[in-house]
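All remarks here apply to the structure that follows.
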Amino acid sequence: MTNTKKDDDKQTVVNNEENDETNVIRDEEIDDNFLQDELNELQKAEDEAKNEWKADFAPLLNKIKELEGQLQEKDEIAKNSQINYLHLKADFDILQRQTQQKIENVERDSTIKVVKDFLPFIENLRKSLLNLTDEQKESWLGAWLQMMYDGFIKSLEKLHIKPIEAIGLEPNPQFHEPVSMQTVEDEWLKWKIIQEFQQGFVYEVNDDLIVVSPSRVIVWN
């Protein structure tokens, strides 16, 4: 009987231990379930907060996107406007240069036209000086004619018009117009201009070269 009681006591202890282990497992399961529920609640709260944030800031985000679109559109307009401005400026510069060139050409042509009207008078002065004797050149009349002639030449030079060189040069069809031929004894004048029958003038500014009046010359025969 004593053994039976001992056995019962052991069985009771075993049962109690098993019950304790079962209770511990259940407690752990309860804790796990509790934690999972807490996590779910937190996730739900986070999702709700995100949805509320999106709902609150959605108009602002849309406005930002709209402004970004407008800014991009304005950048494109500004870029196109700059390109158009550069094209217009280039066209304007070309037109301005062409207009300035036309003005300069008109001024040049007007100057040449007026000068041509005075050239016969200047030529008469030159020939008068050539026909003076040495004594006449020393007189007041000769000095006055020379001063007047020199004054006209200086005035023409201010207008970019200068005499064409002739004596001692080989005839150049661009500047010289032979009107006669003459034999001379000086060998250095062979095939060259020996006399200037009528003085010529040329207009010269930079690369612009225009013969106002050719030099009419007598060349060696």
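Please treat every number below as a calculation from the coordinates, not as lab data. Everything numeric in this text was worked out from a predicted model, so none of it was measured. Glycine gets a Cβ as well: all are built from the backbone with ideal geometry, and neighbour counts include every protein chain shown.
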Handout entry: GLU177 long-range amide H proximity, modeled H, under 5 Å
Key = SER215, ARG216, VAL217
Exercise for the section: For every other residue with a beta carbon closer than 14 angstrom to the beta carbon of ASP207, add +1 if it is Lys or Arg and -1 if Asp or Glu, then tell me the sum. Expected result: -2
Handout entry: Neighbourhood charge, 14 Å Cβ-Cβ cut-off, centred on LYS116 and excluding it, Lys, Arg +1 and Asp, Glu -1
Key = -1
Exercise for the section: List every residue whose amide H lies under 5 Å from the amide H of LEU169, counting only residues 5 or more places away in sequence or on a different chain, with H placed 1.01 Å from N in the peptide plane. Expected result: ILE193
Completion exercise
Rg/Rh of segment 116-221 (Cα atoms, Kirkwood Rh), to two decimals, equals 1.01
Practice task
Any of LYS113/LYS154; LYS116/LYS192; LYS44/LYS65; LYS116/LYS162 with alpha carbons more than 23 Å apart? Name them for me.
Solution key: LYS116/LYS192; LYS44/LYS65
Handout entry: Integer Hz, Karplus 6.51/-1.76/1.60 couplings in order for segment 190-202, x for Gly and Pro
Key = 4, 6, 10, 7, 9, 7, 9, 6, 9, 5, x, 9, 9
Handout entry: Prolate/oblate/rounded label for segment 160-221 (Cα gyration tensor, a/c 1.5)
Key = prolate
Exercise for the section: Can you list which of the chymotrypsin sites (Phe, Trp or Tyr not before Pro) found in segment 109-193 are DSSP loop residues with at most 13 other C-beta atoms within 10 Å? Expected result: TRP191
Practice task
Only loop residues by DSSP count here, and only those with at most 16 other Cβ atoms within 10 Å; note down the GluC sites (Glu not before Pro) in segment 153-221 that meet that.
Solution key: GLU165, GLU185
Exercise for the section: Compute the signed sum of charges (Lys and Arg +1, Asp and Glu -1) over the other residues within less than 13 Å, Cβ to Cβ, of GLN101. Expected result: -3
Problem - Derived scalar couplings ³J(HN,Hα) [segment 78-83; Karplus, 6.51 cos²θ - 1.76 cosθ + 1.60; whole Hz; x for Gly, Pro] - result: 5, 5, 5, 5, 5, 5
Problem - Over segment 75-221, relative contact order from alpha-carbon pairs under 8 Å, at least 6 apart, % - result: 20 percent
Completion exercise
Karplus ³J(HN,Hα) for segment 117-126 (6.51 cos²θ - 1.76 cosθ + 1.60, θ = phi - 60°; Hz, whole; x = Gly/Pro) runs 5, 8, 4, x, 5, 5, 5, 5, 4, 4
